[in-house]
1. Of these, 555, 572, which one is part of a helix (DSSP H, G or I), in contact (Cβ under 8 Å) with a residue 12 or more places away in the chain and either touching a strand residue (DSSP E or B) at 6+ places or on another chain (Cβ under 6 Å) or closer than 30 Å to residue 349 by Cβ (or both)?
2. Looking at segment 382-391, is at least one residue within 23 Å of residue 462 (Cα to Cα), more than 30 Å from the chain's Cα centre (by Cα), at pLDDT 90 or above and in a helix (DSSP H, G or I)?
3. Check segment 275-285 and report whether any residue there is part of a helix (DSSP H, G or I) and over 28 Å from residue 176 (Cα atoms).
4. Cβ-Cβ under 7 Å, sequence separation 6+ or interchain: first residue in segment 613-626 and on the phi > 0 side of the Ramachandran plot and modelled with pLDDT under 70, partner surrounded by 15 or more Cβ atoms within 10 Å (Cβ to Cβ) and not in a loop (DSSP other than H, G, I, E, B). Which pairs?
5. Please go through segment 125-156 and pick out each residue that is surrounded by fewer than 18 Cβ atoms within 10 Å (Cβ to Cβ), in contact with a strand residue (DSSP E or B) (Cβ under 6 Å, 6 or more places away or on another chain) and either part of a loop (DSSP other than H, G, I, E, B) or touching a residue at least 40 places away in the same chain (Cβ under 8 Å) (or both).
6. Please go through segment 157-169 and give me each residue that is assigned to a loop (DSSP other than H, G, I, E, B) and either over 22 Å from residue 116 (Cα atoms) or touching a helix residue (DSSP H, G or I) at 6+ places or on another chain (Cβ under 8 Å) (or both), ordered by number.
7. Please verify whether segment 355-363 includes one or more residues that are closer than 16 Å to residue 530 by Cα, buried (at least 16 other Cβ atoms within 10 Å of the Cβ), over 26 Å from the mean Cα position of the chain (by Cα) and at pLDDT 90 or above.
8. Failed condition for residue 445, given (1) closer than 30 Å to residue 338 by Cβ; (2) buried (at least 16 other Cβ atoms within 10 Å of the Cβ); (3) under 33 Å from the mean Cα position of the chain (by Cα), with all others met?
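The values are calculated or read from the model by the stated rules, or taken from the named source; none is laboratory data. Please read all numbers here as calculations on a predicted model, not as lab measurements. FYI the Cβ positions are ideal-geometry reconstructions off the backbone, even for glycines, and counts take in every protein chain you see.
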């Protein structure tokens, strides 16, 4: 195994003691690879924490990798359009009606569900605060969730909740499964939707829920493209099939398969399950095994167990191994920089430190330019949003005025006619604004995400420049850290739901109306309804515009904070190593020698870890057939 820091002789420059069990002594090579990787990660977290106590990021990242490996966390997102039955499907898997369900769109805040012996709940707020809620009975959990994660219980996410983590003793949550109940497209997302979407790349799989009425829509296919870019394993469930005859069910599945195949021509094996989540839950609660099978739930659970046994461990181990390898490479460069700074002549070090300081001055100027470019792009995005809102107002007035004219023209001006005009406009509001919400949100989000993607590239290039400059000046190999995640804008305004503002509240005409000729009465009715229709259009457009603006600002703030933090951390790591070496060379020569010995040991340590990790990677690729001993074994 890679060395236990400081145990061999109590000196920082002592030769590390290596203690991996030889591969030929392992009965189960694959299991041994996972266990060896976990031990490597434990040692790495400890070593990095002792080597760089002032820079905890390395140790924290390694600890997170080990936790993911040891816990075998498999995150399965349940995705799809609102009212397709996502929460009911999760309840069926859990075997209890735990998550709130209803006739109206409900889920507004994502819920992460994992196994525990006792029920429990933790709430994370948008400001980073976390709150533990006491364990409680199932009915009380459902009520608490209703108050926390639904639009009715937490309208417009007034409680400012980012996510809810639910612990529950359901058998389906064994083996490290984490199920995620997500808001549906066309429903409302909470303020931190972009953060929820950014968790999708970490998911191992996703259930995409559709229903038989109809099997798939253009909006769902568009959403599917977004999901496929983030979720490596995706499986389809056609829900609510209990409403179909056997022949209609077969036809619906074939239609869905053809639609998906045409939309995803590169996918050879599209897995589709049929399901009645409602009947599956009822049968499970009643202990009706045949009913569970008839509902389609048993087939899904059987497949899920096979998927876990067949693919989960290997995929997770490979992902952790690759990430750890990149961390070791980056740590190796940082150690190499410190060694070079402590080894070279003092005058040479001072000259290179000054040149690096000059380079950082130019990097700071580039950072300010990047911020100006970001501010300019945000301003242009807001201008485009304002223009789009103005066009939407004009289009809504044209269409709704036409509808109102068709109702009013040629009819007698009565109270019933005014009521009919109101009802016509009220009915047309969601018909018009529903598709427009999707169109504006999706198009605008695409534009902003593409805009931010360019800034991510520019930011990563500038951050890489810091490390490249240090590597060039000190003549060491350059290792650039992992690139950033994408920055995502919410696809639906987070407090606009399908409950459009569609109430015209004007009073029925006064007694004066009854004294006027019919043509004048009709004109007065039309003026009143048109005036209030315009106000109604303005309120709906403003809701959409304002919510989209908040999403835009949040995405830009998120990126700006990430950029500043990453750049500052990179500069601190490189400049800190150089300035520390210069100070100690000038004022603390004995300590400088101790530091040099410590870093040389760290370089040996990292090389040993890299050899061991390389052997584990070869073991994985060979299907568990060891090709020899680990590098550390050979040195024993």
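1. Exactly one of 555, 572 is part of a helix (DSSP H, G or I), in contact (Cβ under 8 Å) with a residue 12 or more places away in the chain and either touching a strand residue (DSSP E or B) at 6+ places or on another chain (Cβ under 6 Å) or closer than 30 Å to residue 349 by Cβ (or both), namely 572.
2. No, because not a single residue in segment 382-391 is within 23 Å of residue 462 (Cα to Cα), more than 30 Å from the chain's Cα centre (by Cα), at pLDDT 90 or above and in a helix (DSSP H, G or I).
3. Within segment 275-285, not a single residue is part of a helix (DSSP H, G or I) and over 28 Å from residue 176 (Cα atoms).
4. Qualifying pairs under 7 Å: 624/29; 624/30.
5. 126, 135
6. Answer for segment 157-169, where residues must be assigned to a loop (DSSP other than H, G, I, E, B) and either over 22 Å from residue 116 (Cα atoms) or touching a helix residue (DSSP H, G or I) at 6+ places or on another chain (Cβ under 8 Å) (or both): 158, 159, 160.
7. No; the residues of segment 355-363 include none that is closer than 16 Å to residue 530 by Cα, buried (at least 16 other Cβ atoms within 10 Å of the Cβ), over 26 Å from the mean Cα position of the chain (by Cα) and at pLDDT 90 or above.
8. (1)
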